[in-house]
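Asks: Below is a structure I'd like to ask you about.
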Amino acid sequence: MPELPRNLVHLYVENTGQPEAYTSTARGNTPRPPVREREAHADFLLRSLNTALGEVQAGFQANRTPDDRDASGFVLEFRMPLGAESFVEKLEDRRQHIELLSVSDRGADGLVASVFVPMRAQRHFLRKIERYRDEETKGGRPKNEPLLNRVDTIALGAFDSVYTDSLDSLPAIEQVIWWEIWLRSGERQTFAASAERLEIRISAESITFPEREVVLAFGSQASIGRCVVESGAIAEVRIAKDAPSLFLALANDEQAEWAGDIARRLVAPAADAVAVCILDSGVTREHGLIRPGLDAIDVHKYDPNWPDGDSAAWRGHGTAMAGLGLYGDLLPLLAGTQPISLSHRLEVVKMLAHDGAQHEPRLYGAITRECATRPEVVQPRRRRVHCLAVTSEAGTNRGRPSSWSAAIDQIAFGDEGVRRLMVLAGGNIRQGINRQSYLNLNDLEPIENPAQAWNALTIGAFTEKDTLIDPSFQGWASIAPVGGLAPCSRTPVPWDRKWPIRPDVVMEGGNWADYGAQIDTPDDLSVLTTHYRPTVRQFEAFGDTSAAASLGAHLSAQVLSQRPAAWPETIRGLVVHSAEWTPVMRAQMNQAANQTQRGALLRRYGYGVPRFDRAALSSLNDATIVAEESLRPLRLDGSGVKSQNMNLHALPWPTNQLEALGTTQVQLRVTLSYFVEPNPGERGWKGRYRYPSHSLRFALKRGLEALPRFRARINRAVKLEEDDLAVAPTPEDDGWYLGRIRDVGSMHSDIWIGSAAELTRRNALAVYPIAGWWKEKPQLGRYNNDVRYSLCISLRALEAQDIYTPIATALGIPVATIIG
């Protein structure tokens, strides 16, 4: 494929998506409930429930006065078999204020669902069971059979009922530790009163989501369990996660005059330039290469009592991040002689304690939110890219959202006025790296918390470094091949397939080397950045996913500098849209025997390696259209919420040019990027308890497909996905490289390859919504919200054919927008 000069701006359009009403009518198949002997099962459930209610009454009479505010309700535990996940939500009754709190998968022991029941509704489930025993539906079946035949036991809720982490991680019952407490909305005061009575310490930090508030509490399992029983305020309990872990490569002895040469060639960024905001251990602003891009007013601290500057406790990690965020890898700049124009500035927020103290866990979601928003107070009009390489190996739970990752999603989603691009490191493998375990270990060590966030741009590490010059490493050999995954980079291959593809892209993270049984990270295999103690040395050898994340933030800021008005969703989309797999990655993808194997490789490499010129610029034979659009997916219909609109985009293909190419192949790439509003909590992730507010998908009209049939195909796909049913691939889907394995998370990118003549008939693309909690929870009032998305569409001719000019002409965009 010819690489023509990329000197044409992308074709930005708006209001090209035409709203189309659609209503799904297809229905999924509901599995039949287990067979029960009706009367015996009803009697067993009644006895179990009456025992639980008796315990409730005894507890209230023994410990409370009639006007005790805490006596508002209690928790019931329902045990159900695996496979009953879609019926769990039927335990909730909004009219009675009965609330499903959490759902835990206990493997062979089935599902554990905890439900809050107000005292005034304590007979609710008794009546349900009595109707099941005594009454029939019009079809002659027992009333409430679909639910109650799936209930194995009922008991009064206790600690185990709302504990949603691994049972293997539970400490001794009297051991005092920090817990993450997920409270029912509006119940902070109730929990605080119970905690004070039981001498449980509560953190000042909290995170608030649409239906949950998260705090940290210091106490024993026994005391937290008493709070569960007494207050009814706790929806979920998890163990507070470990403090962050950061890893640095070896130091690099370089001469101070190198830095002086770069400084003399610098063209400082404009005062109103966009910024990379580093959330880390602080920065040494006095460094000669940092000061030109960082004003004193743009240096912040989470705790004003902390000392200024970077910290030896964190080995100067923040200054190393800042250098890469501002310049990228310094090594190529050292060999140059041309002026260096900085396209963007720096902001730095010190979010890690200066002394490295980790005596108590912190609610890092709340800390990250505070640190991310603090620069906005000083520079409210500045556009910025936030970069966070602070991670924890605990908390991802096979891709499920944590309080920290959900807070990242909430920070990014913001509101229509302020949305944020968050760039995260995927996290590093800490031990066990060697040539024999390479890639197998990467696929077993999962992405770290909070990099499972849906709305972030998560960066993994690959490497192009394999040359060792340092004579002290004579005879050593690099472990990863050029273009391969960096040995340190974690992947989400072990995650459940419903969670987002991570990483989104990979950037240079350096390589490792071995010599027999010896393993090391030589400076030659690292990237070069700024050292936090410039009086000792100027440069630092740096690597792993921290370096990759900094380079990802640098690239994102470069793209944003080209288009400062672009949405964060657009910048994220353009970075992913520009990514390509290296030959090593592509060879493995092409050798995959099926889509399952290809999906695992996608989760290893993400969408590949992004490149600035592809992200920012088009060429004559590779034209990119960028559309920033919105649609209103829902409408209120009586007391319920129904689907409303999808958007149909007419594709401005250069018909004459494509027909002239005939059977010559062309490549179409589509990337859809959007943010979701999170609603976390362990409640099964189905139906009304879905994590995202909504999801979006795209579909391309087939060559001989009329628009009514195209709409019907979309409606069927929506219904099947909302019912959690798989859609079998069909021969008509051929041409998409990834197909439906792309349809997870809030970033979707795929490549279609086919003949130019066929593409002229595939001239419409639909963006359509999939229901989330906005639809399933009308009481939260989000059904009138518009959702916005960024759509990147590239058409690439596999020969030197001008397709850019006719597309620009069809869109009414003058080709005078050429960059010289």
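The values are calculated or read from the model by the stated rules, or taken from the named source; none is laboratory data. Predicted, not measured: the structure shown is a model, and the values here were computed from it. When we count neighbours, we look across all protein chains shown, and the Cβ atoms used for this are built from the backbone with ideal geometry, even at glycine. Accessible surface areas use protein heavy atoms only, side chains included; no ligands, DNA or RNA. Shrake-Rupley method; radii C 1.70, N 1.55, O 1.52, S 1.80 Å.
Asks: Using only Cα atoms, find the angle between the long axis of helix 707-722 and the longest principal axis of the chain, and express it within 0 to 90 degrees, rounded to the nearest 10.
Replies: Approximately 60 degrees, to the nearest ten.
Asks: Given R₀ = 25 Å, what would the calculated FRET efficiency be for E257 paired with A312, taking r from the Cβ atoms and rounding to 0.05?
Replies: Details: r = 25 Å, r/R0 = 1.01.
Computed FRET efficiency for E257 and A312: 0.50.
Asks: Subtracting the Cα-Cα distance from 0.36 nm times the residue separation, let me have the gained length for R32 to A268 in nm, one decimal.
Replies: Numbers: separation 236, 0.36 × 236 = 84.96 nm, distance 6.82 nm.
This chain segment gains 78.1 nm when fully extended.
Asks: Continuing with the same structure: So what's the projected area for segment 654-810, the Cα convex hull averaged over all directions, in nm²?
Replies: The orientation-averaged projected area of the Cα hull of segment 654-810 comes to 10.5 nm².
Asks: Set the Förster radius R0 to 25 Å, insert the Cβ-Cβ distance between E55 and K90 as r into 1/(1 + (r/R0)^6), and round the FRET efficiency to 0.05. Walk me through the intermediate numbers first.
Replies: On the way: r = 24 Å, r/R0 = 0.97.
Rounded to the nearest 0.05, the efficiency is 0.55.
Asks: Could I ask something else about it? Please arrange R398, R32, R598, R563 by accessible surface area, largest first, computed with a 1.4 Å probe and ligands excluded. Intermediate values should be presented prior to the final figure.
Replies: Details: R398 120, R32 190, R598 35, R563 100 Å².
I get R32, R398, R563, R598, largest accessible area first.
Asks: If I fit a long axis through the Cα atoms of helix 595-605 and take the longest principal axis of the Cα atoms of the chain, what angle between them do I get, 0 to 90°, rounded to 10?
Replies: Compared with the principal axis, the helix lies near 60 degrees.
Asks: If you don't mind, there's one more thing I want to ask. Do the sum for the chain: with -39,500 (n - 2.57) for every DSSP H run of n ≥ 4, divided by all residues, what is the mean residue ellipticity at 222 nm, to the nearest 500 deg cm²/dmol?
Replies: -7500 deg cm²/dmol
Asks: Can you give me the long-range amide H partners of A764? Hydrogens built in the peptide plane at 1.01 Å from N, cutoff under 5 Å, separation of 5 or more residues or another chain.
Replies: L651, K701
Asks: A further question follows. In whole Å, what are the Cα extents of segment 141-188 along the three principal axes, biggest one first?
Replies: Reported extents, whole Å, longest axis first: 50, 30, 17.
Asks: Kindly write out, for segment 312-325 in residue order, the coupling ³J(HN,Hα) from the Karplus curve 6.51 cos²θ - 1.76 cosθ + 1.60 (θ = phi - 60°), rounded to whole Hz, with x marking Gly and Pro.
Replies: For segment 312-325, the Karplus curve yields 5, 4, 9, 6, x, 4, x, 5, 5, 4, 4, x, 5, x Hz.
Asks: Just from the alpha-carbon atoms, what are the Rg and Dmax of the chain in angstroms?
Replies: 28.1, 90
Asks: Something else about it: Identify the chymotrypsin sites (Phe, Trp or Tyr not before Pro) of segment 284-373 meeting these criteria: DSSP loop state and at most 10 other C-beta atoms within 10 Å of the C-beta. Don't skip to the answer; put the middle values down first.
Replies: Values: sites: Y302, W314, Y327, Y364; in loops: Y302.
Passing both the DSSP loop test and the Cβ count: no residue.
Asks: Can you list residues whose amide H is under 5 Å from D152's amide H, if they're 5+ apart or on another chain and H is modeled 1.01 Å from N?
Replies: Residues meeting the amide H criterion: R79, M80.
Asks: Follow-up. How would you order 604-613, 74-83 from highest to lowest mean count of nearby Cβ atoms within 10 Å?
Replies: Values: 604-613: 21.5, 74-83: 20.0.
Going by the mean number of other Cβ atoms within 10 Å, highest first, we get 604-613, 74-83.
Asks: So how much slack lies between T809 and S169, counting 0.36 nm per residue of separation and subtracting their Cα-Cα distance, in nm?
Replies: Values: separation 640, 0.36 × 640 = 230.40 nm, distance 6.22 nm.
Additional length available on full extension: 224.2 nm.
Asks: Label segment 421-505 by shape, choosing from rounded, prolate and oblate, from the square roots a ≥ b ≥ c of the eigenvalues of the Cα gyration tensor; if a/c is under 1.5 it is rounded, and otherwise prolate applies when a/b is larger than b/c, oblate when it is not. Walk me through the intermediate numbers first.
Replies: Details: a/c = 2.82, a/b = 1.93, b/c = 1.46.
Note, shape of segment 421-505 comes out prolate.
Asks: May I pose another question? Need one value: the accessible area of E445 in square angstrom, 1.4 angstrom probe, rounded to the nearest 10.
Replies: For E445, solvent-accessible area is about 60 Å².
Asks: So which aspartates and glutamates can K301 reach, going by Cα to Cα under 13 Å and dropping same-chain residues fewer than 8 places off?
Replies: Here the aspartates and glutamates satisfying the reach criterion relative to K301 are D280, D310, E347, E370.
Asks: Lys and Arg at +1, Asp and Glu at -1: add these up for the other residues within a Cβ distance under 13 Å of G336 and post the number. Please report the intermediate quantities before stating the final value.
Replies: On the way: positive: R264, R265; negative: D261, D329.
Overall, the nearby charge balance is 0.
Asks: According to a simple spin-label model (label point 7 Å from Cα along Cα-to-Cβ), what is the distance in nm between A517 and L636?
Replies: Calculated label separation equals 7.1 nm.
Asks: If you don't mind, there's one more thing I want to ask. Using mean Cβ contacts within 10 Å as the protection proxy, how do 644-651, 655-662, 339-346 order, highest first? Could the numbers behind the result be given before it?
Replies: Working: 644-651: 20.4, 655-662: 15.2, 339-346: 18.5.
Ranking, from highest mean packing down: 644-651, 339-346, 655-662.
Asks: Order 621-629, 227-235 from most to least packed using the mean count of other Cβ atoms within 10 Å. Please list the in-between numbers first.
Replies: Values: 621-629: 22.3, 227-235: 26.0.
Ranking the peptides 621-629, 227-235 by packing returns 227-235, 621-629.
Asks: First measure r as the distance between the Cβ atoms of R131 and H97, then evaluate 1/(1 + (r/R0)^6) with R0 = 25 Å and state the FRET efficiency to the nearest 0.05. Display every interim value, and only then the final one.
Replies: Numbers: r = 20 Å, r/R0 = 0.81.
Rounded to the nearest 0.05, the efficiency is 0.75.
Asks: For the chain, with the dipole built from +1 on Lys and Arg beta-carbon atoms and -1 on Asp and Glu ones, taken about the Cα centre, which of C792, L326, G812 lies farthest toward the positive end?
Replies: Going by the charge dipole, the pick is G812.
Asks: Could you list the square roots of 5 times each eigenvalue of the Cα gyration tensor of segment 540-639, that is, the equivalent ellipsoid semi-axes, sorted largest first and rounded to whole Å? Walk me through the numbers on the way to the answer.
Replies: Working: eigenvalues 156, 105, 55 Å².
The equivalent ellipsoid of segment 540-639 has semi-axes of 28, 23, 17 Å.
Asks: Using the Karplus curve 6.51 cos²θ - 1.76 cosθ + 1.60 with θ = phi - 60°, what ³J(HN,Hα) values do you get for each residue of segment 196-204, in whole Hz, with x for Gly and Pro?
Replies: 5, 5, 9, 6, 9, 8, 10, 5, 6
Asks: Below 8 Å between Cα atoms, with a sequence gap of 6+, how large is the relative contact order for segment 502-605 in percent?
Replies: Values: 87 pairs, mean separation 28.2, N = 104.
The normalised contact order for segment 502-605 reaches 27 percent.
Asks: How high is the relative contact order of the chain, given as a whole-number percent (alpha carbon pairs under 8 Å, six or more residues apart)?
Replies: On the way: 1887 pairs, mean separation 125.2, N = 820.
Computed over the chain, the figure is 15 percent.
Asks: Pulled fully out, how much extra length does the chain show between R120 and R716, if you take 0.36 nm times their separation in residues and subtract their Cα-Cα distance?
Replies: Value of the extension gain: 210.3 nm.
Asks: From the Cα gyration tensor of segment 559-614, with a ≥ b ≥ c the square roots of its eigenvalues, which class applies: rounded if a/c is under 1.5, or else prolate if a/b is larger than b/c, or else oblate? All intermediate terms of the calculation are to be shown ahead of the outcome.
Replies: Numbers: a/c = 4.81, a/b = 2.42, b/c = 1.99.
Prolate, because a/c is 1.5 or more and a/b exceeds b/c.
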